[in-house]
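Notes to accompany the following structure.
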Amino acid sequence: MNSSQPSLLLTVAVNRLLSERDLPASLTIEQCASELAISMTSFRRKLTQEETSYKLIQSKFLNELCVNVLLTKQTKIEELAIRLGYSERSTFERAFRQKFGITPSQFRELSLASSAQSNYVKLTEIAANMPPMPDSCQQLLREKDQDNLNLQRVIDIVSQDVIFSGRIMGQASKAIYGKTPKNLQEAISRNLGIQTIVNFAVVFAVKDALQNHLEQVIIEQYSQAFLLAPKFFQLVRKRVAKNLNFDIALTEQVLVFSLLGVFLLSHKSAYKHEMMLYSLQGIDDLGSLNLHIRESMGISLYSASSLMLSLWHIDASLVKQIGHLDKVSQAVAKGSEQDELVLFMLSCLYFSAAGHRDFSVLEQKAACLNIPNFDELKQLLLALT
């Protein structure tokens, strides 16, 4: 993406046309280009410059329309089915149930179970009552803040925690990190790195704190996605043609922690945790999920992550960057090329952690972002299963 562009004008225009249609699912790419008075060649080229395609825009629009309409009782499900391109309600309900695990009517009832404001208050209460981090994690964060961390100091801290030491050796021994380490020194210095050790300490601390308050599939799959993030970031950097000026340490933190809010939103004490579980199962686009959560739960996924990180006094710069990405994802702030790549990587990590398996949309997005060899990235993501 050219960061000098004032806005994604054509994407906005296409979404406007879709919103004006009674049957947006029936609007073809040829009709869209014609109504905008643009040749097909120019239409495709300009969308490519905006790092998208007509199919991506229409698919995202229809998915968001489906979920957002179910947030209210103003539209009958029969009418929604027709707008989404289904010939009859039963066909739509069958497809929805196959994707979400419940019927549209049941999903609507879960969405309306409590007000967004009361849900937000409850989530804040849950976050505030989380237990403190283990001593090893607190030590690592404290000495990182004081700029005292070096390899030997990290080894000393980690080695005092037998469970954490075993986890670090286990992560460093995974095939994606290459040669199996002989000891903690090799695991940290050669395979993982000091910053990654600190990040992993927080992930394991959150996992342990919430172990009994989340469905096991959520705690395990998403924890693995967070732990996979540094390696995934490394692979994407190698494939990006341009030499982008990533703040590598900060970006790695963003990828590890931006989706942490899934744990808070899925907490068994949260008023809408059931709706959250079905949403994770049925919504495969991270942007659409975030929009739905914001409207139904009174907080975005990124804000939920920031809330947890702030209460545990994690880097203010990290919380600020996650907030920036939240605004970019809502199109209320302009994103850089690095921002778009980070959002893409987060989408990949979410997609895999949630158990979705049709990677075609992500593959199209990778092509729009000029990221080659997506199959190798896909294989790494499939390692979460």
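The values are calculated or read from the model by the stated rules, or taken from the named source; none is laboratory data. As the structure is a computational prediction, the values presented were derived from the model and not from experiment. Every residue, glycine as well, gets a Cβ built from its backbone with ideal geometry; the counts of neighbours run over all protein chains shown. When the accessible area is computed, the model is the full protein with side chains, heavy atoms only, and any ligands, DNA or RNA have been set aside. Shrake-Rupley method; radii C 1.70, N 1.55, O 1.52, S 1.80 Å.
Using the Karplus curve 6.51 cos²θ - 1.76 cosθ + 1.60 with θ = phi - 60°, what ³J(HN,Hα) values do you get for each residue of region 57-65, in whole Hz, with x for Gly and Pro?
5, 5, 4, 5, 4, 5, 5, 5, 4
To the nearest 10 degrees, how steeply does helix 337-353 sit against the main Cα axis of the chain, on a 0 to 90 scale?
Orientation of helix 337-353: about 90 degrees from the principal axis.
Please go through region 270-360 and write out the GluC sites (Glu not before Pro) that DSSP classes as loop and that have at most 16 other C-beta atoms within 10 Å. Working shown, then result.
Values: sites: Glu274, Glu295, Glu337, Glu340; in loops: none.
Answer in residue order: no site qualifies.
By how many degrees, 0 to 90 and rounded to 10, does the Cα axis of helix 135-145 deviate from the longest principal axis of the chain?
Roughly 80 degrees, rounded to the nearest 10.
Per residue, how many Å² of accessible area does region 1-148 show with a 1.4 Å probe?
Values: 8140 Å² over 148 residues.
That works out to 55 Å² per residue.
What is region 278-322 by shape, rounded, prolate or oblate, if you read a ≥ b ≥ c off the alpha carbon gyration tensor as root eigenvalues and call it rounded for a/c under 1.5, prolate for a/b larger than b/c, and oblate otherwise?
Details: a/c = 2.63, a/b = 2.31, b/c = 1.14.
Judged from the Cα gyration tensor, region 278-322 comes out prolate (a/c at least 1.5, a/b above b/c).
What is the percent carbon and sulfur in the accessible area of the chain, measuring with a 1.4 Å probe over the protein chains and ignoring ligands?
Working: 8620 of 17340 Å².
On the chain, the fraction of accessible area on carbon and sulfur atoms equals 50 percent.
In sequence order, what are the phi-derived ³J(HN,Hα) couplings for region 298-311 according to the Karplus relation 6.51 cos²θ - 1.76 cosθ + 1.60 with θ = phi - 60°, rounded to whole Hz, with x for glycine and proline?
So the J values, rounded to whole Hz, are x, 7, 8, 4, 5, 5, 5, 5, 5, 4, 5, 5, 5, 5.
To the nearest 10 degrees, how steeply does helix 89-100 sit against the main Cα axis of the chain, on a 0 to 90 scale?
Here the helix axis deviates by roughly 10 degrees.
Leaving ligands and nucleic acids out of the surface, order Leu112, Leu123 by accessible area at 1.4 Å, largest first.
Working: Leu112 75, Leu123 0 Å².
Largest to smallest exposure gives the sequence Leu112, Leu123.
Can you give the calculated 222 nm mean residue ellipticity of the chain, where each DSSP H run of n ≥ 4 adds -39,500 (n - 2.57) and the sum is split over every residue, rounded to the nearest 500 deg cm²/dmol?
That calculation yields -20000 deg cm²/dmol at 222 nm.
Please calculate the 1.4 Å probe accessible area of Ile197, with all protein chains present, and give it to the nearest 10 Å².
Result for Ile197: roughly 0 Å² accessible.
List, in order, the whole-Hz ³J(HN,Hα) value for each residue of region 181-198 obtained from phi through the Karplus relation with A = 6.51, B = -1.76, C = 1.60 and θ = phi - 60°; use x for Gly and Pro.
With the stated coefficients, region 181-198 comes to x, 7, 7, 4, 4, 5, 4, 7, 6, 9, 9, 9, x, 4, 4, 5, 4, 4 Hz.
Using a cut-off of 21 Å between alpha-carbon atoms, which lysines can reach Lys55, once sequence neighbours fewer than 8 places away in the same chain are excluded?
Lys46, Lys99, Lys365, Lys378
Arranged from highest to lowest average of other beta-carbon atoms within 10 Å per residue, in what order do the peptides 169-177, 61-69 appear?
Values: 169-177: 15.7, 61-69: 19.6.
Ranked by mean Cβ neighbours within 10 Å, highest first: 61-69, 169-177.
Taking the Cα centre of the chain as origin, work out the dipole magnitude from +1 charges on Lys and Arg Cβ and -1 charges on Asp and Glu Cβ, in debye rounded to 20.
Charge dipole, the chain, about its Cα centre: 460 debye, nearest 20.
May I ask for the distance between the Cα centers of region 136-178 and region 59-106, given as a whole number of Å?
47
Between region 213-268 and region 336-356, what is the C-alpha centre distance in whole Å?
8
Among Phe96, Phe232, Phe351, which one shows the biggest mean-square fluctuation in a GNM of the chain, springs joining Cα atoms closer than 10 Å?
Phe96
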